[in-house]
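Report on one structure; see the data block that follows.
The values are calculated or read from the model by the stated rules, or taken from the named source; none is laboratory data. Remember, predicted model here, so these are calculated numbers, not experimental data. All Cβ positions, even for glycine, are placed from backbone atoms using ideal geometry, and neighbour counts span all protein chains on display.
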């Protein structure tokens, strides 16, 4: 989904030549950070964007990452989904606003606390699917026999207050596609 987040930023801020990509090298996700970076860089090439990867796995490194992005003149920022970052979503959203970096996040909770926008899986749908799995296992199904499923319900959440604070005017297409607009 970071590639779709990149596309959203490109649509919103086409003049941003450099896009920051904040990744946690200590991420416990299944996909190695290097794979995510390669995917985003490949998606950026046809858009004419340069990806500026910054790594952070501590609070001090998060602060330094934003300073680095400002020095690199990043025009926007994609934050790769990570539980450590999610636990610090208020801090990250505030830093993005303070440094005037339009940012897109993987969870709606970021937009709720002041992030510009989020695009990612609907967690209610994910939990519903997990409950269905648990129910099938409790009824005797073997976990190894169950198919792997991925959430297909994605949501776009936009924080208008943050957009105004960043001086951004959202194209009408963003309103049409948004699942939620926070005012």
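Can you name the residue in region 39-65 that is under 22 Å from residue 83 (Cα atoms) and modelled with pLDDT under 90 and, of all such residues, is surrounded by the most Cβ atoms within 10 Å (Cβ to Cβ)?
Initially, region 39-65 is screened for residues under 22 Å from residue 83 (Cα atoms), giving 39-40, 52-65.
Narrowing further to those that are modelled with pLDDT under 90: 39-40.
Details: 39: 15, 40: 21.
Filtering region 39-65 for residues that are under 22 Å from residue 83 (Cα atoms) and modelled with pLDDT under 90, the one surrounded by the most Cβ atoms within 10 Å (Cβ to Cβ) comes out as 40.
Kindly check whether there is at least one residue in region 134-155 that is within 30 Å of residue 12 (Cα to Cα) and touching a residue at least 60 places away in the same chain (Cβ under 8 Å). Scanning region 134-155, I find at least one residue that is within 30 Å of residue 12 (Cα to Cα) and touching a residue at least 60 places away in the same chain (Cβ under 8 Å), so the answer is yes. Scanning region 162-183 for residues that are over 18 Å from residue 13 (Cβ atoms) and loosely packed, with under 11 Cβ neighbours inside 10 Å turns up 176, 183. Consider region 107-123 and keep the residues that are in a loop (DSSP other than H, G, I, E, B) and at negative phi. The one that is surrounded by the most Cβ atoms within 10 Å (Cβ to Cβ) is 116.
Checking the structure you have, find out if any residue of region 77-84 is surrounded by fewer than 14 Cβ atoms within 10 Å (Cβ to Cβ), modelled with pLDDT under 90 and under 13 Å from the mean Cα position of the chain (by Cα). Yes, region 77-84 has at least one match.
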